[in-house]
1. Note down all Cβ pairs under 8 Å where the first residue falls in segment 299-328 and is farther than 14 Å from residue 264 by Cβ, the second is part of a loop (DSSP other than H, G, I, E, B), and they're at least six residues apart or on different chains.
2. Give the number of residues within segment 43-63 that are surrounded by fewer than 18 Cβ atoms within 10 Å (Cβ to Cβ), at pLDDT below 90 and closer than 26 Å to residue 110 by Cβ.
3. I'm trying to understand the selection: among the residues of segment 64-87, which are under 14 Å from residue 129 (Cα atoms) and surrounded by fewer than 16 Cβ atoms within 10 Å (Cβ to Cβ)?
4. Can you tell me which of 130, 125 is at pLDDT below 90 and either touching a helix residue (DSSP H, G or I) at 6+ places or on another chain (Cβ under 6 Å) or not assigned by TED's automatic domain parsing to the domain that holds residue 349 (or both)?
5. Do the conditions hold for residue 232, that is, is it closer than 27 Å to residue 354 by Cβ and surrounded by 14 or more Cβ atoms within 10 Å (Cβ to Cβ)?
6. Based on what the data block shows, is residue 9 surrounded by fewer than 18 Cβ atoms within 10 Å (Cβ to Cβ), touching a helix residue (DSSP H, G or I) at 6+ places or on another chain (Cβ under 9 Å), under 19 Å from residue 128 (Cβ atoms) and at pLDDT below 85?
7. Restricted to segment 96-145, and to residues that are assigned to a loop (DSSP other than H, G, I, E, B) and over 29 Å from the mean Cα position of the chain (by Cα), which residue is farthest from residue 62 (Cα to Cα)?
8. Among what's in segment 296-307 and is farther than 26 Å from residue 218 by Cβ, over 21 Å from the mean Cα position of the chain (by Cα) and modelled with pLDDT of 90 or more, pick the residue that is surrounded by the fewest Cβ atoms within 10 Å (Cβ to Cβ).
């Protein structure tokens, strides 16, 4: 059936002077109270023009090609951004909301959105309502819809639990670090310039020209490549260059720590021997610990700790974007435990990382399974 046969535009109701819970859209959990997504309020003070969304209504945000949409099913009523569209199911006795949401967030639907988007600017491309409503939706009997939705919910719950397990391991690593701090309250303190053999910013733009960027070159590592304390090089977005030999001063070696110096201050990760040849990018710094003072695992942990990131943020320069330089980083004073304690810390962190890696692999398998289930479900093969 066409989507337009199943849903219709909801009557627009503004918040006015009435107070409602403020809802935000998330990629995985749908609509949630804004406090669960952001640490501070991001909406303006005047909420009078925000749209009221009742329980059971569909909210469609943007960009739609990232499936930013969900049914509101947590509160009797809440409010959402006035830029969002709200839809009603025409007949809930023949269309199940959970099933419809699963389809509208499926790879099949996303492919439709991508093919039909209009506009020239990537993040501002939109899908006209008439095109949205013209999309064909597999529509079995409601009992079958509910069965399919239940299977997909169960599979998705496994993915959620795996992500939660990975997050718990992150908390465990932080606890191990705090335990180390408590063990060495009387430890010596050194400036990074004293405890490191090299602190170097990435190459300036004048060292690289347009023709130096190639598809299959050596990756330039910037903060965007540092995720969950790891360096992740993705060929779909990584910038690479063919000037590896000419930029010998910016080579990254196993044991180096890459520190973001622009934007998100303190994002850092240790370079491992499995990463292959890498270059420090313009937005990063090479921090090479001296083996007589620091182990890279400990250095990465202390630099990424909340207290250090806060200190770096306080001294960073820049009016529009915070920026670190070698002098600021070199003057940072950090606690330096005995190498024996650092080695114990590194061994425990490595054990946690092995468990996390196992969980990550399981999550990839579950993601693949879930995608397969979605394709089968909406082809009538589940």
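1. Short answer, once both residue conditions are applied: 300/229; 311/332; 317/324; 317/325; 325/261; 328/316.
2. Residues that pass the stated criteria total 1.
3. Matches in segment 64-87: 83 only.
4. 125
5. No, not satisfied.
6. no
7. 141
8. 302
The values are calculated or read from the model by the stated rules, or taken from the named source; none is laboratory data. Since we're looking at a predicted model, the values are computed, not measured. Please note: Cβ atoms are built from the backbone with ideal geometry, for glycine as well, and neighbour counts cover all protein chains shown.
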